[in-house]
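K.L.:
I am attaching a structure below and will ask some questions about it afterwards.
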Amino acid sequence: MTALLELDGLVKRFPVRDALGRRAGAVHAVDGVSLSVAQGEVLAIVGESGCGKSTLGRLMLNLITPDAGSVRFGGDDLVKLSPAALRAKRRDMQLILQDPFASLDPRMTVEQAVAEPLRLHRIVPRDQERAEVAGLLSRVGLRPELARRWPHEFSGGQRQRVAIARALASRPKLIVGDEPVSALDVSVQAQVVNLLGDLIRDLGLTFVLISHDLGVVRHVADRVAVMYLGRIVEEGPAEAVLSAPRHPYTRALLAAVPGHGTKAPPIDGDVPSPIAPPPGCRFHTRCPFAEAACREAAPALTAPPHRVACHLDGRLPPAAPRAERLAGGERLKRLQSFFRAPGPQPGVPRP
Ligand code: SF4
């Protein structure tokens, strides 16, 4: 498949200043990330808060400028485009934020908000704007007669639908969704995830989903990239990464998801400060398998399609399945036999 978006060696650091305004260090938000997203593909970027995934999403859209590396969209390096050429490219790239209030101006009606990108990028003649807005609202499951209302008159889920309609208005090729459902009630999340899945499929969109919710990721992603402290530690087809994770961090993330079929040693401690990331493998301070080499040299990612950055890749024990869930009757039988027997029965696991 042709790559629509190619990131090569992206680095972004944010300066940290002391009380006197002097530079006192830098937050290593993104550190040497290379990724590509094929046309029509859904790439999910996952990781804990502060791992750099939102910064990476903004770098993809050139909303912030990298300190090093390149962002190629449709073959053009966004960092090197003139301001006018970059403005024209913006039509093809849109961002959906976690909080729809952040992307909707409270002084604009829904119709004005959705019509704004139509006008800005001259998508349709002025006399067709109203019909186009009505079509976009229907597309996201809202009644067109709601167009005259204000954002505060909508529920959170409806507001996110309006934000999605606004993102679709310029007929983009790429949408980056930064935690697009995590601010919504659980009951509404599934509806919006299904809507996004339908739009991606029907419109052939290329979508980058930034999320900490592995349930959502499993539902829509073709490929998954796992970030830890600014670096990609595992990346590959969603089925491979989510069903047979190879990096200890990915295993621990998945084992923490209720109902996921594997268990893994728990991760100790907090994420280290991104101002002073640990040397060597950045995960070594929390990794239950760390050895001396992990503290000294940063592991490189292996070759595609399933890339992993771990010195012990291929030598770690396979992810252990969780204890099987037994039907009530079978569980009771095993419990009874366990308590009747003088010790654990051979071949009968402790309940
Ligand atoms: Fe753990 Fe070492 Fe692999 Fe890093 S390189 S994830 S510390 S085993």
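The values are calculated or read from the model by the stated rules, or taken from the named source; none is laboratory data. Everything numeric here is computed off the predicted structure, so don't read it as measured data. No Cβ is skipped: glycine too gets one built from the backbone with ideal geometry, and neighbour counts run over all protein chains shown. For the accessible areas, the whole protein counts, side chains as well, though only heavy atoms, and no ligand, DNA or RNA atoms are used. Shrake-Rupley method; radii C 1.70, N 1.55, O 1.52, S 1.80 Å.
K.L.:
Of Pro117, Pro151, Pro125, which has the largest mean-square fluctuation in a 10 Å C-alpha GNM of the chain?
P.N.:
Per the Cα network of the chain with a 10 Å cutoff, Pro125 tops the list.
K.L.:
Let me know the Kirkwood hydrodynamic radius for the chain, please, with Cα pairs as the basis and the value in Å to one decimal.
P.N.:
Values: mean 1/r = 0.0444 Å⁻¹.
Roughly 22.5 Å, rounded to one decimal.
K.L.:
Counting only other residues whose beta carbon sits under 15 Å from that of Ala24, what net charge do I get with K and R as +1, D and E as -1?
P.N.:
Here the charged neighbours net out to +3.
K.L.:
Let me ask another. Quick query: amide H of Val42 versus all other amide H atoms, modeled in the peptide plane; which residues come in under 5 Å with a sequence gap of 5 or more or a different chain?
P.N.:
Phe207, Asp222, Arg223
K.L.:
While we're on this one: Excluding ligands and nucleic acids, what accessible area in Å² is computed for Thr285 using a 1.4 Å probe, to the nearest 10?
P.N.:
Accessible surface of Thr285 is approximately 80 Å².
K.L.:
Quick one: Karplus J couplings for segment 185-195, per residue in order, coefficients 6.51, -1.76, 1.60, θ = phi - 60°, nearest Hz, x for Gly and Pro?
P.N.:
Values per residue, Gly and Pro as x: 4, 4, 5, 8, 4, 4, 5, 6, 4, 5, 4 Hz.
K.L.:
Okay, next question. For segment 12-68 and segment 104-134, write down the distance between their C-alpha centroids in whole Å.
P.N.:
31
K.L.:
To continue, here is another question. Around Glu129, with a cut-off of 12 angstrom between Cβ atoms, what is the net charge of the other residues, counting Lys and Arg +1 and Asp and Glu -1?
P.N.:
Charge balance in the 12 Å sphere: 0.
K.L.:
Kirkwood hydrodynamic radius for segment 118-178: how many Å is it when counted over pairs of different Cα atoms?
P.N.:
After inverting the mean inverse Cα-Cα distance, the result is 12.2 Å.
K.L.:
Report, by chain and number, residues whose modeled amide H sits under 5 Å from the one on Val27, excluding near sequence neighbours (fewer than 5 apart, same chain).
P.N.:
Phe14, Val16
K.L.:
How do the peptides 165-176, 67-78 rank, highest first, by the average count of neighbouring beta carbon atoms within 10 Å per residue?
P.N.:
Working: 165-176: 22.0, 67-78: 16.2.
In descending order of packing, they fall as 165-176, 67-78.
K.L.:
Given the DSSP H assignment, sum -39500 (n - 2.57) over each helix run of at least 4 residues in the chain and divide by its residue total; what's the result at 222 nm in deg cm²/dmol, nearest 500?
P.N.:
Helices in the chain give a 222 nm mean residue ellipticity of -9000 deg cm²/dmol.
K.L.:
May I ask for the net charge around Glu239, where only other residues with Cβ less than 11 Å from the Cβ of Glu239 are counted and Lys, Arg are +1 while Asp, Glu are -1?
P.N.:
For residues surrounding Glu239, the net value is +1.
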